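Okay, so here's the structure we're looking at.
The values are calculated or read from the model by the stated rules, or taken from the named source; none is laboratory data. Since we're looking at a predicted model, the values are computed, not measured. Every residue, glycine as well, gets a Cβ built from its backbone with ideal geometry; the counts of neighbours run over all protein chains shown. What goes into the accessible areas is simple: the full protein's heavy atoms, side chains included, and nothing from ligands, DNA or RNA. Shrake-Rupley method; radii C 1.70, N 1.55, O 1.52, S 1.80 Å.
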Amino acid sequence: MPPPSSLRGEKIPLIMSKDKKYWMSKDEISVIESVAGPADLETASTEWNRRDFLKTAGFSLAAFMTACSKTPVNKAIPFLIQPEEIIPGKAYWYASTSHACGSGCGVLVKNRDSRPIKLEGNPDHPVSQGGLCPVCQASVIELYDSKRLFHPILSGEEVSWNVLDKSVVQGLQKARENGQKIVLLTETVTSPSTKYYIKKFLKKYANANHVEYDPISYSAILDAHEMNYGKRILPQYDFEKADMILSFDADFLGTWLSPTQFTKDYRKNRNLDAKHISKHIQVESRLSVTGAKADERIVKSPAGMLQLAKDIEHALSGKGGHGIASDIAKELKHYKGKSLVVSSMNEPAMQESVNRINHALGNVGKTVILKNPNLQKSGNDASVVQLIADMKAGKVGALLVAGVNPVYDLPEGEAFTDSMKTIPTTVCFSAKQNETTELCNAICPSPHYLESWSDDEFTSGTLSMTQPAIQALGDTKSLRKSVTGWAGIDDDERNLVRNYWKKIYTTRKKGSQSFNRWWDNLVHDGFVKIKPKSVSVSRFKKGAMAKSLLKNGLTLVAYPSLQMLDGRHAENPWLQELPDPISKLTWDNAANLSPKKAKELGVSQSDVIQIKASGKSVELPVYIQEGQSDEVVAVSLGYGRKGTERFKNFGPDWIQKKATLGEGELVGERINHLLERNDNALSFSGISVSISKTGKTADLALTQTYNTLKNPENTAPPSMKVRPFIQETTFDEYKKDPSSGAHHGHQVVTLWKDDHPYDKHHWGMAIDLGACTGCSACVISCQVENNVPVVGKDEVFRRRDMAWMRIDRYYSGEGDDVDVAFQPMMCQHCDNSPCEPVCPVLATVHSSEGLNQQVYNRCVGTRFCANNCPYKVRRFNWFDYAHNDELENMVLNPDVTVRSRGVMEKCSMCIQRIQEAKIEAKAKGIPLADGDIKLACQQSCPADAITFGDLNDPESDISKLVEDPRHYHVLEELNARPTVGYLTMVRNREEEKGGNHHG
Amino acid sequence: MKKQLKLITLLILVGGLLVIFSNSTFRMPGNQQNYEPIQPIDFSHRLHAGEMEVPCQYCHYGASQSRHAGIPATSVCMNCHKYVSATKDDLRLEEEQAMAEGREMRPLTSLEIIKIYSAMGYDPQGNPVEGKAGKSVEWVKVHNIPDFVFFSHKPHIAAGVDCTDCHGDVASMERIKQTEDLSMGWCLDCHRKDHESLTAAPERTQLLLDCATCHY
């Protein structure tokens, strides 16, 4: 269209929007008059203008398109030779053991089309007992990491194993000739066969020794037992037998030692129908998941914790005591032989104190079991210190590192790096490139545990089997095979394990089976009970108390993050995006400060501060943490790992995208260089620090700042200001009146006729708030099962995280007295869902079995449903999150649609699992039994907090729970009638602070 | 304006005529009714399922056990074709000729069966060749439904649905042809029925109309 022009030929602007003022020309002639009107178009030039061309082109295109529509050709490619057990489309399971964290949970690996896609806890295995922690659930994607090492590397080049083996053997021989040491540095070796072959290897190369260390060190516990009982052992802790648990900083429900097993055992002694439930007192300096669950929580600085332990020890021995120490001592005496005192602090003084208290209470042999020790950790800090000294002195001629990352883990990382550069032969066994492999001239790629054979004895008396669930994806070799190869023995992975046990199984087997039978059972079940190698311990000897180097004043507490542990899972995007259970922080670690301390220092959340300790420093953003000691700055370990720079541009590409990381940055910051050694023991807390402001700020991607159920103060009507979505009570109150604490809404008359008759099944779920520890295993399990995407730091910051299940963390109270409640929140599958009537295309409708269905192919992306949902559980695919990485996409569950951009998604109550079970029952011709269907979240929960079943079945667990007076619905007053119910939390304390808690 | 209108009408007319008088039938995108593609091996269902009366689930054993009925692996074909290398008629002819010429019968393999043997990595007589690996046969999938539909054969077999109800009279097809349009409406025609002929009870009908039965 030709631009309008005034009669005088001056150009008049075309801006016609309502906001802008039309201004007239200098002669005040109306702009409207000078714009070409319809009449003008008639007489306008007959040349084809742009709009008409587009109209014609569009019509003709449509016409031609209808005539030619060819669907692409799909190929169906079957096996060449069909293996008997495999039916395409049907899952088959292997029993194996997880090596994701070192606790050795037994897993069942779900295989589809010869690739593992999901892990479930092995219900019979003594460690996992059917549950799995989030780290293990997420470890399946690490199998399909395209950045894994698939070939051996020698001096930076990919070579064959023959070349690498020759070079390494040459190096080892040279070291031997020069009289230098050969050191094999590993984490705790739990495999009996590997230990045997390592011994053979060490014998072949004289002057060789094996140093073990654990990045999160348990050395002080082992050393303390050596002093008191004569043997360096880590006891087995029986939380089921413990009627009173006193924990000094041990996060046993979250990250300490064997959290899945401890959670399962802990729960067994929290049965509300019994006369007593356990009493759990947590003494800690930071707010941990275990502290959140504790009945009573005492906040102390690290030095304060040690002092309290000493005071309790004195009070127990009758030497007097006052205050909390004497109260706790009195209670402990009441539970003699049925109590358990633990500590995770790697301080010799603390561990010795704990040993003395356990001895005084007669717990040894009952809840602290020494005769059948725990073999999960046997690292020795002293030997690491010796190694570092030897390396510096040039005494080491060959260093072989396997399963650990000493350049990252150790505070002496820099010194270690310098020394390593002088060692002639350095070999590293690793699945991926990391800080240590960069310095090694030979890198042996390690297989993932899902593609390896291994035998492991994590606890004395149980032999766990690891078998491959997929053929090795790369040219990898386990440590066992390499070491035996260099010792001159040649055999394949499976036979190395099998032949070892063939030799010795008669000394350890229980029962009278032949070896083949015994082995087949072992591989089939995933574990077998064997005769434990019992340890003879001497009688308790007091020993001299070690000196404590825990400082007073502001100190650093470094704790293993629940997602990263010691940093080994830093390249796992699921774990990076898993919000920390307490802080709800993703993609970062932060300096946690108590509100009082932050005020004192004059910093607020997101300010970047510099933490300085013994000459080294680190810069971290501040996170204000309730319930933390005022003398402590707590930072999680496991961040700042090399390799995380791959997440720099993680997330969908769009115009306002902010990269997850800056140039040259890593996810989070490494703080290991700030740690100190107390003699040889690696100290993780009580390190004196000073804090200074930097003036910078950093965005913290927190998920707790949105999707909250709280009514905003300024919009809530007076009666609705406090919503009772968290309900709790005390055990004593519960015993008197089981419905105490439960606050039920009024019965509301509804306008809707009962138009949802549930004839066949009516699926319902109940979540026990008293059981939930906030560990977030359910969140990851749901993510794996349902192909839930990871969105990246920027999208989480923009409140667009995609987790179908979230764990809301609520505080009540303030300061040291703060109480924490966790509430897993997912689609409540409301009978009167607010989301269903508002969908213009009926993409979300109610099923005849009580589920709220989301039909992805019908959804047009109006997002009205998400708007209407009062629980804020609906997630919208703002972008196409899936990408075409063939290797990584092998982890996707083929039973669940991968959603594309523009589609709403939410918890489907694992409809694919419900369908599968129903079809199975139909094919067999039998009715569905209660417990046949296990949802992903339910199956993984180590605390058994989630119950699912048919509400129409009066005998099912869920029906009984609905009748339980503890049962309530969240936001009941809205009359959405959710089928997901919650059970009131019951704490075992004297009185509820400030009466019953709501909201 | 009138000129543009004329042009547009002409184009639509031509397009419409093309559609009506072309050989291809008009269908909605994704509708593959009467799709009868050429397969890499000219397997005749008329011979095997019709004349030989091999039951459907001998080869397509996945139907009663999983989502996919599955196309059989080449090893299933080899169960019989290890020995059956040519048609009866061809073999009789060869036998007669051999007798007439006073010689041994030559091993005969028909062309399509040679294709099976080479897929397995065997020589044309059906004997394994040292060091030669096989390669799976790439069949062309005839009955395709979109990714957003979850269709499982297992409950249908369990409910007593006959294979021919959806796949047509396969026993008479030389080359497999998709006889039904497999659209959602067509599926619902059956899911809405009263099921007198099937083993499922009538009250299950409502369940089958839930969206999440097939879309999740």
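Quick notes
- For the condition over 23 Å from A:Val183 (Cβ atoms) and aliphatic (A, V, I, L, M), A:Met465 qualifies.
- The sole residue among A:Arg863, A:Arg901, A:Arg874, A:Arg913 that is charged (D, E, K, R), closer than 25 Å to A:Gly89 by Cα and either in contact (Cβ under 8 Å) with a residue 24 or more places away in the chain or crowded, with 17+ Cβ neighbours inside 10 Å (or both) is A:Arg913.
- Pick from region A:427-436, criterion of a type outside the set (Phe, Trp, Tyr) and in contact with a helix residue (DSSP H, G or I) (Cβ under 9 Å, 6 or more places away or on another chain), ranking: surrounded by the most Cβ atoms within 10 Å (Cβ to Cβ): A:Cys428
- Helices (runs of 4 or more DSSP H) fully within region A:337-426 that include at least 2 residues being within 27 Å of A:Val169 (Cα to Cα) and open to solvent by 10 Å² or more (accessible area, probe 1.4 Å): A:381-392, A:413-422.
- Qualifying residue in region B:16-23 (condition: away from every other protein chain (no Cβ under 11 Å), open to solvent by 80 Å² or more (accessible area, probe 1.4 Å) and at pLDDT below 90): no
- For B:Gly30: the one exception among (1) closer than 30 Å to A:Glu916 by Cβ; (2) surrounded by 14 or more Cβ atoms within 10 Å (Cβ to Cβ); (3) within 14 Å of another protein chain (Cβ to nearest Cβ): (2)
- Number of residues in region B:142-164 that are in a loop (DSSP other than H, G, I, E, B) and either surrounded by 15 or more Cβ atoms within 10 Å (Cβ to Cβ) or more than 9 Å from chain A (Cβ to nearest Cβ) (or both): the value is 11.
- Some residue of region A:189-208 being in contact with an Asp or Glu (Cβ under 8 Å, 6 or more places away or on another chain), open to solvent by 10 Å² or more (accessible area, probe 1.4 Å) and over 21 Å from A:Gly106 (Cβ atoms): no
- Residues that are of a type in the set (A, V, I, L, M, F, W, C), within 14 Å of another protein chain (Cβ to nearest Cβ), in contact with a helix residue (DSSP H, G or I) (Cβ under 9 Å, 6 or more places away or on another chain) and in a loop (DSSP other than H, G, I, E, B), drawn from region B:102-141: B:Val137
- Across region B:38-76, the number of residues qualifying as in a loop (DSSP other than H, G, I, E, B) and within 11 Å of another protein chain (Cβ to nearest Cβ) comes to 13.
- Within region A:880-913, if we keep just the residues that are more than 9 Å from every other protein chain (Cβ to nearest Cβ), in contact with a helix residue (DSSP H, G or I) (Cβ under 9 Å, 6 or more places away or on another chain) and not in a loop (DSSP other than H, G, I, E, B), the residue that is nearest to A:Ser956 (Cα to Cα) turns out to be A:Arg913.
- Per this entry, A:Val211 is not counted among residues that are more than 30 Å from A:Ala402 (Cα to Cα), of a type in the set (Val, Ile, Thr) and touching a helix residue (DSSP H, G or I) at 6+ places or on another chain (Cβ under 6 Å).
- Strands (runs of 3 or more DSSP E) contained entirely in region A:819-864, each with at least 2 residues that are touching a strand residue (DSSP E or B) at 6+ places or on another chain (Cβ under 9 Å), away from chain B (no Cβ under 14 Å) and not charged (D, E, K, R): A:819-825
- Top-ranked residue in region B:50-70 [being free of Cβ contacts under 8 Å to residues at least 40 places away in the same chain and hydrophobic (A, V, I, L, M, F, W, C); ranked as most open to solvent (accessible area, probe 1.4 Å)]: B:Met52
- Members of region B:71-122 found to be open to solvent by less than 30 Å² (accessible area, probe 1.4 Å) and either basic (Lys, Arg) or more than 23 Å from B:Trp139 (Cβ to Cβ) (or both), listed by number: B:Glu94, B:Ala98
- Entirely in region A:663-727, the strands (runs of 3 or more DSSP E) that have 3 or more residues that are within 30 Å of A:Ala224 (Cα to Cα) and not charged (D, E, K, R): A:681-683, A:685-688
- B:His167 vs. criteria open to solvent by 30 Å² or more (accessible area, probe 1.4 Å), at pLDDT 90 or above and more than 9 Å from chain A (Cβ to nearest Cβ): yes
- Tallying residues that are among the acidic types (Asp, Glu) and modelled with pLDDT under 95 within region A:773-794 yields 1.
- Candidates A:Lys503, A:Lys477, A:Lys509, filtered to the one that is over 24 Å from A:Ser160 (Cβ atoms) and open to solvent by less than 50 Å² (accessible area, probe 1.4 Å): A:Lys509
- Of all residues in region A:619-628, those that are open to solvent by less than 10 Å² (accessible area, probe 1.4 Å) and in contact with a Gly (Cβ under 9 Å, 6 or more places away or on another chain) total 2.
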